[in-house]
Structures are given as C-alpha cells and as structure tokens.
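Throughout, read-outs are computed from the coordinates displayed, never taken from laboratory work. All values derive from a computational prediction rather than experimental measurement. Cβ: placed from backbone, ideal geometry, glycine included. Neighbour counts: every protein chain shown.
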Amino acid sequence: MKKIFSLVAGTAVVTGSLFLAAPAASAKPICVLSKSTTAPYKAFVRCSGMLSNQRAVVYADCVDPRGKTWTVAGKRVKNGQESVAQCSDSPNVGMTKISHKVVTL
C-alpha cells in the first residue's frame, strides 16, 4: 500500500510542477506601438515582459510622392528597449502602416 501511495504522490508532484511551468512560457509581452506625427516619419515599439530569448522589432510601410512603397524594419531589441524604423529623411515620404513582431531566437 505504501508503494502505491508513493507512486501516486510522485505523479502529483511531477504533474504540479509541469502545470506551474506552463504559464511562464506562454506569457505574452506587452508592447506599445507608436509613430511620429511630423516628417521625417518614424515608427516605434517598446515591449516589456519578454523572455531572455525574445526580441521586438518594428516595421513601417512607407510611400513616396510617386506611389512607390517599401517596408523598413527597426533593430531587434531586448526587453524594455525601443526599436525605431524611419522611412526616409525626406519630408515628402509618408508612412501608411506600422506593425511589430516579437521573435524568438
């Protein structure tokens, strides 16, 4: 009877520790995405709550006066740092959309 109880108790401890580890791995970072309101236009993202192997990067979709479009990416940054993407130094280049990703290395 003692062996059966030990086996059941051991299984409960292992299962409990797996249950406790799961939420930390599935926690989502909180990111604040913003952009400048005057030229030259820039997009910004700053995230908190990322794991040590995660990086945040911001993307800006840009457009010139002729309608040509392209995407600019900021640097991949660690927790609490700011990623910045700038379309151009020209005041005639605009930004149509901004977005971000959290990537795992």
Next on the checklist: Please compute the contact order of the range 28-104 in relative form: average sequence separation of alpha-carbon pairs under 8 Å and at least six residues apart, divided by the residue count, as a percent.
Outcome noted: 36
Checklist outcome for this item: Net charge (Lys, Arg +1; Asp, Glu -1) of residues whose beta-carbon lies under 14 Å from that of Arg55, Arg55 excluded, is +4
Next on the checklist: Can you give me the distance in nm between label points at Val103 and Arg76, each placed 7 Å from the Cα along the Cα-to-Cβ direction?
Outcome noted: 0.5
Checklist outcome for this item: Burial-style ranking of 79-85, 63-69, 31-37, average other-beta-carbon count within 10 Å with highest first, yields 79-85, 31-37, 63-69
Item to check | Cα-projected label distance for Ala27 with Asp64, points at 7 Å along beta-carbon direction, nm | outcome: 4.5
